Number of protein chains: 2
Amino acid sequence: MIKIAVLGYGNIGSGVVEVLKRNKDHVTKRAGQEIEVKYVLDLRDFPGDPMEDKVVHSIEPIINDPEVKIVVETMGGTTPAYEYVKAALEAGKSVSTSNKELVAKYGAELLELAKKNNINFLFEASVGGGIPIIRPLNQSVTSDEIYEITGILNGTTNYMLTKMEQQAMSFDAVLKEAQEKGYAERHPEADVEGYDACRKIAILSSLAFGCQVDFNDIYTEGITKISDTDMEYAKKLNYSIKLFGTSRKVDGKVYAMVSPVMVGKDHPLSNVNDVMNGILVRGDVIGDLMFYGAGAGKLPTASAVVADVIDEVKHLDTNITIQWSKNKLELGDFKDSKKQFFVRVSGDIENRRKEMEDLFGAYNIVTIGKDDEFGFITNCLSEKEFEEKANSCVGIQSRIRLAK
Amino acid sequence: MIKIAVLGYGNIGSGVVEVLKRNKDHVTKRAGQEIEVKYVLDLRDFPGDPMEDKVVHSIEPIINDPEVKIVVETMGGTTPAYEYVKAALEAGKSVSTSNKELVAKYGAELLELAKKNNINFLFEASVGGGIPIIRPLNQSVTSDEIYEITGILNGTTNYMLTKMEQQAMSFDAVLKEAQEKGYAERHPEADVEGYDACRKIAILSSLAFGCQVDFNDIYTEGITKISDTDMEYAKKLNYSIKLFGTSRKVDGKVYAMVSPVMVGKDHPLSNVNDVMNGILVRGDVIGDLMFYGAGAGKLPTASAVVADVIDEVKHLDTNITIQWSKNKLELGDFKDSKKQFFVRVSGDIENRRKEMEDLFGAYNIVTIGKDDEFGFITNCLSEKEFEEKANSCVGIQSRIRLAK
């Protein structure tokens with residue numbers, strides 16, 4: 001029997017306990033031995049809870065107990081998660097975490113520490129919730145040079161954009177509904193400003209390219225400026241609007257960003273709706289792969305954490321190689337990255353058509369029945385070129401990048 | 001440096017050699033050491049080919065060469081592949097194969113042999129070409145009880161059905177085009193009769209449920225009876241028609257089949273078009289997962305074979321546990337499995353409406369402008385119930401099952 005400790009008895013932590021209990025026979029068979037939760041670390045007490053007697057309020061008893069071989073971290077944030085996880089690894093305990101902030105910031109360091117101690121630091125649940133993506137990137141797509149990884153990585157914003165598209169609701173109305181349903185938090189910035197997706201694409205990029213991609217280096221734009229008018233244009237042009245985290249290698253340089261994009265119906269991620277997540281991996285040999293599933297939620301996320309625990313039980317004294325070095329990957333300058341843009345501009349479509357064609361190579365020029373504005377798609381331009389042209393031109397109301 | 005042998009220098013075998021050469025630095029880094037092809041086994045010679053000097057015409061030099069640690073099998077079929085693979089495993093060499101016939105028939109036995117010898121038998125490429133599905137099932141979705149696995153597992157038939165849907169072409173015309181493009185073989189039975197998909201769903205079911213699922217036990221129906229008229233009805237009802245391999249656990253019994261199905265636009269596999277494959281995994285905790293990618297083709301398939309070789313290099317003296325016992329899983333009786341059906345029946349829609357409502361609980365009753373027939377969807381019925389009702393009723397022209 002293997003004894004484990006769970007740090008944080010919130011949504012995910014209690015989900016881990018639930019999955020271990022619910023699928024006990026199955027998990028035991030898969031792991032080769034029984035897994036028992038010996039401690040639950042939380043500041044709170046849980047009177048009446050089956051875990052009541054296992055609750056501790058400090059990390060010391062866990063670190064000092066040689067019987068605990070695996071520590072599950074589901075607290076979120078980096079303080080004190082980083083300190084606790086580091087102490088666990090230093091004490092020779094493997095760690096499984098769902099904590100994207102921790103992994104994005106300290107992943108390379110914690111992997112190095114695990115390797116040094118011949119144990120494991122696994123984090124399948126930190127990106128895409130229950131979707132197997134970390135392990136496939138690390139163990140399956142190994143013969144390919146990955147040149148792009150793109151994901152719909154945040155369920156809250158995907159739910160909101162899906163609602164806006166399907167029910168013609170405004171951003172504010174959808175946010176309110178999402179908050180009422182518990183899909184969005186009262187302070188929704190981490191989701192709607194793209195910060196959550198940014199950490200996740202940083203983790204995926206680090207794994208795809210094997211070096212440290214700092215999330216602070218990634219251009220990040222949220223969905224707060226997406227309006228119901230934008231959705232009307234998207235519909236007219238047969239696009240959806242999704243929040244993508246993307247990194248792409250072009251001529252040896254990696255360009256990364258988080259931003260809303262217009263997605264054509266034939267794009268592998270166009271059908272990823274509601275709270276679901278999808279991750280597209282493009283390799284030089286394998287072509288396009290797409291992984292789809294629940295990107296959040298108590299049980300799907302806990303499922304991935306427990307799968308990591310099972311893997312750690314099977315590799316108690318063997319480090320599973322994960323290629324993510326501390327060497328920082330210098331991203332290409334975002335201003336140089338090229339794409340097409342959808343643009344909304346004020347004025348009369350016939351009066352300004354030629355100007356837009358000349359300036360932006362505008363095509364698919366459309367109106368949605370408003371007589372004071374119209375929209376179009378530009379040629380492929382660098383961010384810098386687009387910005388210069390847009391600044392030279394009166395009445396640009398908004399722009400949304402096109403997915404490649 | 002690790003020396004390997006490639007059995008069969010056809011499409012996939014030469015792809016493996018190409019991937020190892022093309023991505024040599026990357027593969028070396030991932031594997032931790034260089035991988036060199038020492039032998040290529042084929043009945044033919046390849047004068048002028050870079051591998052020319054490595055070609056051998058019998059298995060003996062490979063089996064007897066202690067330097068060869070890994071054998072790649074890409075010959076297809078079970079004779080002599082089974083004999084060769086068994087000999088390689090008995091000689092302590094790990095094997096990576098793309099051969100679905102071999103794996104479906106002998107997978108459990110060969111896994112047992114590999115385990116006994118503390119080496120590995122891996123077969124990621126045998127299902128879904130380049131799509132990582134075997135490893136995720138085995139290592140990622142481990143905390144879940146899987147209750148359904150369903151796939152679009154054959155690229156040829158998916159290409160044909162997509163063309164029939166999008167271009168209103170007949171089965172015969174599409175088959176001819178697919179043969180001209182090299183997507184379908186001159187003798188297309190293995191694809192169009194569903195035999196290929198049957199072996200693949202047998203493999204996936206064996207892994208999902210941990211026991212031997214014999215492909216001979218799986219009810220298998222191909223796409224040869226799907227007509228352009230069926231496609232018209234599907235379009236009218238907002239369905240696509242896809243060839244599914246499915247196995248589903250209901251009340252403790254596993255029911256499996258390969259058959260064309262009508263798929264609603266909100267089904268995770270509805271958007272898997274052309275030669276692409278998609279595999280849906282449903283777990284009790286994780287919910288729906290979907291894996292999408294190129295299900296065939298030289299390089300994508302070779303990518304998966306090489307990924308297995310890399311894993312075998314990293315586990316030279318460690319058996320990677322794969323749960324697939326020789327114990328036979330007795331499938332539930334297909335006749336008892338329940339689903340809805342789309343039915344075409346002759347006669348006038350208004351004359352026969354009530355009869356169909358009474359007999360089948362018919363709804364979504366539609367015509368496509370032919371005055372001598374109409375179509376409808378039935379209630380949920382067992383195969384047996386449906387058959388009895390259909391036999392009791394004149395003029396049933398065809399039926400297509402609905403995807404769940």
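Filtering segment B:292-308 down to residues that are more than 7 Å from every other protein chain (Cβ to nearest Cβ) and over 14 Å from A:Asp284 (Cα atoms), which residue is surrounded by the most Cβ atoms within 10 Å (Cβ to Cβ)?
By that ranking, first place goes to B:Val305.
Which is farther than 26 Å from A:Val250 by Cβ and buried (at least 24 other Cβ atoms within 10 Å of the Cβ), of A:Glu124, A:Glu177?
It is A:Glu124.
For A:Lys93, are the conditions met, namely being under 18 Å from A:Leu316 (Cβ atoms) and crowded, with 16+ Cβ neighbours inside 10 Å?
Against the criterion (under 18 Å from A:Leu316 (Cβ atoms) and crowded, with 16+ Cβ neighbours inside 10 Å), A:Lys93 qualifies.
I'd like to check something: does segment B:157-172 contain any residue that is among the small types (Gly, Ala, Ser) and in a helix (DSSP H, G or I)?
Looking for residues that are among the small types (Gly, Ala, Ser) and in a helix (DSSP H, G or I), one finds none in segment B:157-172, hence no.
Given (1) away from chain B (no Cβ under 14 Å); (2) under 26 Å from A:Leu316 (Cα atoms); (3) part of a helix (DSSP H, G or I), where does A:Val19 come up short, assuming only one miss?
(1)
Would you point out which residue out of A:Lys176, A:Lys163 is touching an Asp or Glu at 6+ places or on another chain (Cβ under 9 Å), basic (Lys, Arg) and modelled with pLDDT of 95 or more?
It is A:Lys163.
Please work out which residue is surrounded by the most Cβ atoms within 10 Å (Cβ to Cβ), limiting yourself to segment B:245-279 and to residues that are in contact with a Gly (Cβ under 7 Å, 6 or more places away or on another chain), closer than 29 Å to B:Lys298 by Cα and not hydrophobic (A, V, I, L, M, F, W, C).
Filtering segment B:245-279 for residues that are in contact with a Gly (Cβ under 7 Å, 6 or more places away or on another chain), closer than 29 Å to B:Lys298 by Cα and not hydrophobic (A, V, I, L, M, F, W, C), the one surrounded by the most Cβ atoms within 10 Å (Cβ to Cβ) comes out as B:Gly245.
Restricting to segment B:273-285, and then to whatever is among the hydrophobic types (A, V, I, L, M, F, W, C) and under 16 Å from B:Pro132 (Cβ atoms), can you tell me which residue is nearest to the chain's Cα centre (by Cα)?
My answer is B:Ile279.
Can you name the condition, by its number, that A:Ile146 falls short on among (1) out of contact with any strand residue (DSSP E or B) (no Cβ under 6 Å at 6 or more places or on another chain); (2) under 28 Å from A:Val285 (Cα atoms)?
(1) is the only condition that A:Ile146 fails.
Of the conditions (1) hydroxyl-bearing (Ser, Thr, Tyr); (2) farther than 30 Å from B:Cys380 by Cβ; (3) not in a helix (DSSP H, G or I), B:Ser303 clears all except one; give me its number.
It fails just one condition, (3).
Given the condition crowded, with 17+ Cβ neighbours inside 10 Å and of a type in the set (Asp, Glu), answer yes or no: does some residue in segment A:371-394 qualify?
Checked segment A:371-394: at least one residue is crowded, with 17+ Cβ neighbours inside 10 Å and of a type in the set (Asp, Glu).
Going through segment A:22-36 one residue at a time, which ones are in a helix (DSSP H, G or I) and without any contact (Cβ under 8 Å) to a residue 60 or more places away in the chain?
Answer for segment A:22-36, where residues must be in a helix (DSSP H, G or I) and without any contact (Cβ under 8 Å) to a residue 60 or more places away in the chain: A:Arg22, A:Lys24, A:Asp25, A:His26, A:Thr28, A:Lys29.
Can you tell me how many residues in segment A:5-39 are within 13 Å of A:Met51 (Cα to Cα) and more than 27 Å from the chain's Cα centre (by Cα)?
Result for segment A:5-39: 5.
Check whether at least one residue in segment A:206-215 is over 18 Å from A:Arg401 (Cβ atoms) and among the hydroxyl-bearing types (Ser, Thr, Tyr), and report yes or no.
Within segment A:206-215, one or more residues are over 18 Å from A:Arg401 (Cβ atoms) and among the hydroxyl-bearing types (Ser, Thr, Tyr).
Quick check on this structure: which one of A:Asp311, A:Asp288, A:Asp266 is in a loop (DSSP other than H, G, I, E, B), within 9 Å of another protein chain (Cβ to nearest Cβ) and either modelled with pLDDT of 95 or more or out of contact with any Phe, Trp or Tyr (no Cβ under 9 Å at 6 or more places or on another chain) (or both)?
After ruling out the rest, the residue left standing is A:Asp266.
Can you pull out every residue in segment B:149-164 that is within 14 Å of chain A (Cβ to nearest Cβ) and either surrounded by fewer than 24 Cβ atoms within 10 Å (Cβ to Cβ) or within 17 Å of B:Ala184 (Cβ to Cβ) (or both)?
Scanning segment B:149-164 gives B:Ile152, B:Gly155, B:Thr162.
Going through segment B:371-392 one residue at a time, which ones are outside any helix (DSSP H, G or I) and either among the small types (Gly, Ala, Ser) or in contact (Cβ under 8 Å) with a residue 60 or more places away in the chain (or both)?
Within segment B:371-392, B:Gly375, B:Ile377, B:Ser382, B:Ser392 meet the criteria.
Look at A:Ser143 and say whether it is among the hydroxyl-bearing types (Ser, Thr, Tyr) and farther than 30 Å from B:Arg22 by Cα.
So A:Ser143 fails the test.
With the requirement that a residue be basic (Lys, Arg) and surrounded by fewer than 20 Cβ atoms within 10 Å (Cβ to Cβ), what does segment A:319-363 give you?
A:Lys326, A:Lys328, A:Lys335, A:Lys338, A:Arg353, A:Lys354
The values are calculated or read from the model by the stated rules, or taken from the named source; none is laboratory data. Here the structure is a predicted model, which is why all the values come from computation and not from measurement. Positions of Cβ are generated from backbone atoms using ideal geometry, with glycine treated the same way; all protein chains shown enter the neighbour counts.
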